[in-house]
Each structure stands twice: as C-alpha cells, then as structure tokens.
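A short worksheet on the structure shown next.
The values are calculated or read from the model by the stated rules, or taken from the named source; none is laboratory data. All figures in this text were calculated on a predicted structure; none of them were measured in a lab. Note: ideal-geometry Cβ built from the backbone for every residue, glycine included; neighbour counts use all protein chains shown. These area figures cover heavy atoms from the full protein model, side chains too; ligands, DNA and RNA do not enter into them. Shrake-Rupley method; radii C 1.70, N 1.55, O 1.52, S 1.80 Å.
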Amino acid sequence: MAYVQYCEGCREHIEPHDGRFQPVNLCVRCYLDDESVEREVTVEFDEHFEEYRLETIIDHPQKVLRWSSSSLSFPDRAVAESWATAMGSQLTRALWLRFDVDREQMVVVVCCRTTEECERVVDLLQETPLGPLMDHELLPLAALVDRGIERRVAIELADWGLATRNRSHRVRFDDDTFGVTLRFDPNSRFEPLLVALEEELETRVDFDTIDTVAKAEAADGGHFGIAARVVPALDRSVSSYVRRNLDVLSEQSRRIVLANRRGQSFEDSFEQRVADAGVEFVRSVLTLKAFDETAHVNADYRDWDYPALCEAVPDALESLFDGHTTNTPPTGLPDYFVYGEQGDVEAFLSGLGDDEETVSLSHAGAFVEVKHTTSKDGRVHINGNQRNFIPKLTDAGADVFFYEGTPDGTDLRRSWLTPRE
C-alpha cells in the first residue's frame, strides 16, 4: 500500500520527502505562513580562499538547516553584506514569464520578495528586446506547485533563495531589486528566442571582426544587459549566432564546427542505441559516486539505478579514484559507463560494431569512449590524458572500449592502450 502524506496544517495531500533540504510535513502555503520558521543570512570569511561567503540558517521547531553558499563569494565585505540584506527576506512572489516565438513557448519564473519587486522586474524587462515577446503573470510563490513546480523546489526557493533543481540562479536586477530566476522546464531550449533576436544582435555586434568561434566566445556577454539576467543564454548569443550562421566564419573554423556537430550527433546516436537496448548508462564521471556512501539518498541521483551502478564498477577503482570528485574527476576518463545485467550489456556491446564481435565482460559494466572522425584513413584522435589514464583503468580490472564512427561505418574495439614509459 502506497504511503500517503498530508500537510500538518491544512491536511492537504502532499508528496513525501525527497530532498536534503526538505522541510517538515507542511504544504508550501502553510510553510510560508508558519511564523515559527526563522531565517537568517550571515556573512562568513573563508580564510582558505580569502573571500566572503553567505551562510543561510533555517531554524524550525523540528529541525535546523544550515547552508553555506559557495556559489556567491565576494572579495569585499560591504558587497557581501548588501547581498545578505537582500537575501534576508523570504521569497514570497513569483513572476511567471512566457516567451512565445514561432509557436514555441519558453517559461522562466522570477521569484522575488514582494509584489513591488516583481513589478519592478517587469518594468525593467519591458525596456529590453524581450519586452515585445513576453507575457507575464504575478503569482504567490505557493501557486508554483499548481503550475507543476515540485513542492520541494518551491520551499527551497523560499528558504535558500535558490533551488537545487531547475537551474536557478540569484540575480540583482538593480541596487534594490533582488530575485531568483528559475527555468520552469530545465530542459527547455532558448534557440527560437535567440533566432528571433538575431537582427537586434547584428546592430550591437560587428561580425566583420569575428571569423572564429574563439573570437565569438570572447565577444559574448554584455549585449542584452538585464534581459540576459533572466535568460542567461543571451550572454552566449554571439557564439550561438556564428554556429547558426557559419558563413561568418573562416573556412577552417567552419570545418571545425561541422566536425563537432558530427561528433555530437554520433554521441546522441550512441545514447539512443543504449536506450533502445534497455541497459543503463551514465556519464562516466558518475562512477565515482559508486564509492560515495551518501549518494544513493540524494534525490539528484534518483533517476538512475544507483545500486546497480555500484555493483558494476570494479572495487579496485576506489584507490584509483581516491581524492577525486565529480567536480574534479581524473583527467582522461572515457565518455560513458554502460551497465545493467551483465548478459544484456555484453549483448549490447557485441552489436555495436559493424563486425558484431562477441564481447565478454569481467563486470556488469564497461567504460565506452565515443569517437567520430571524417579522416579517410579512419584514424581517430586519442589525447594524451586518455593514453595515460585508460591503461590504469584496465590494469584495475575495468573493461574499456572505443566506439568509433568513421566514413566506412562503425567499429567497437577493446582498449589496446598500454602504460607509457
């Protein structure tokens, strides 16, 4: 029988706890109205990094939660204290922004402390190129749950001024207006919006001086001001533009971009083949989590089979991975780790190459480096980090393969790399 949970305040049905910052058993409306919840933001000095950081403490009769924000750091105490003051009041209002472009809808939510702040944000955005493309609606923060935002996300926004999901980030729109922008759909793409603003961008950027992607990336940022604080993709609008309009680039840069596109397409096709085969895969950096005893209770990893991953990763890798995290992984790790029932993984790998050679594994998972090349001889590039690290993986008992796409077809090869002298 499924467990049913109810709000302790209004008895409304709520979803069960599922996150590190999940509060007591209250719905969002009751939690925001609970006067016993105390929230404090303080400035702490980090001696190691010689910078000021903000620490938020949520004090509730049933639990005390403390979070130090490494995402906000300041060299100056006065600036840090101004941010602490801005974040000291709980977020209570949500500005629902919808951008309609060519029958595509993109939704961004801006959460603020007061109705006046939300109105100020609307006024600021109306004066930007986003204004003509934008519809807005002002909601209580609790109403986001009715629009499809998870309860835990809405309460995290109120508590921390940040959500651990949905790609949120804090914004000072001006000296007086503070908020948090949140993607309603974390996977939504803003490409149609960027295309709609191309003409505006062309008036702001001299593309005659940009003939490489590197120059485009150097020219990114600052062209859309406050609009880019709501839609950060606008700060990458120049490099996005040249990738859509390759005629701007030199011939050599065009070849590089096209090669990267083919490589990404080949990776996408590999991921689709994994999904079709009914086996699991993660980016190989997540195999480090197999040695993290707390990872399986973290909601960020609930979408993949954590116990099966732990079973599939050779124990001998623990010493090889020692001291590394997903933020600082060892250089040279292959792209993917494929795992599941050992027979299923072996069958999947056996069917990858055109030759369909039978693959046998020593564990229920394998690392796979996906390579694509357009060279006539079919030779793929293996960088120095991979040549150094992959032999260490195989020496520790891991199965490592190269899945290669060439002009003549596809090939799967077990790693032949040996330690360098």
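Quick look at the numbers
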quantity	calculated
Region 317-421: antiparallel DSSP beta bridges as a percent of all, rounded to 5	60
Cα centroid separation, region 166-189 to region 225-258 (Å)	22
Pairs of Lys in the chain closer than 29 Å at Cα, counting only those 8 or more apart or on different chains	5
Mean separation of Cα contacts under 8 Å, 6 or more apart, over the residue count of region 87-194: relative contact order %	32
Probe 1.4 Å, accessible area per residue of the chain, Å²	52
For region 80-130, the spread of Cα positions along each principal axis, largest first, Å	43, 20, 20
Cα gyration tensor shape for region 179-285, rounded if a/c is under 1.5, else prolate or oblate	oblate
Average Cα contact separation per residue, the chain, under 8 Å, 6 or more apart, as relative contact order %	9
Accessible-area composition of the chain, carbon plus sulfur, in percent [1.4 Å probe]	44
With 20 Å bins from 0: P(r) over the chain, alpha-carbon pairs, percent	21, 47, 31, 1
Probe 1.4 Å, all protein chains present, accessible-area order of SER362, SER284, largest first	SER362, SER284
Helical contribution to [θ] at 222 nm, DSSP H n ≥ 4, -39,500 (n - 2.57), averaged over the chain, rounded to 500	-9000 deg cm²/dmol
Order of exposure, largest accessible area first, which applies to ARG236, ARG167, ARG147, ARG53 with probe 1.4 Å	ARG167, ARG236, ARG147, ARG53
ILE382, ILE226, ranked by accessible area, largest first (probe 1.4 Å)	ILE226, ILE382
Electrostatic dipole magnitude of the chain [Cβ: Lys, Arg +1; Asp, Glu -1; Cα centre; debye, to 20]	260
Unit charges at the beta carbon, dipole of region 126-216: most positive-side option, LEU193, VAL205, THR181	THR181
Potential extension, HIS136-GLN272 segment - 0.36 nm per residue separation minus Cα distance	45.3 nm
Sequence-separation-based contact order of region 133-215, relative, with Cα cut under 8 Å and 6+ spacing, percent	15
Antiparallel %, DSSP beta bridges [both residues in the chain], to 5	90
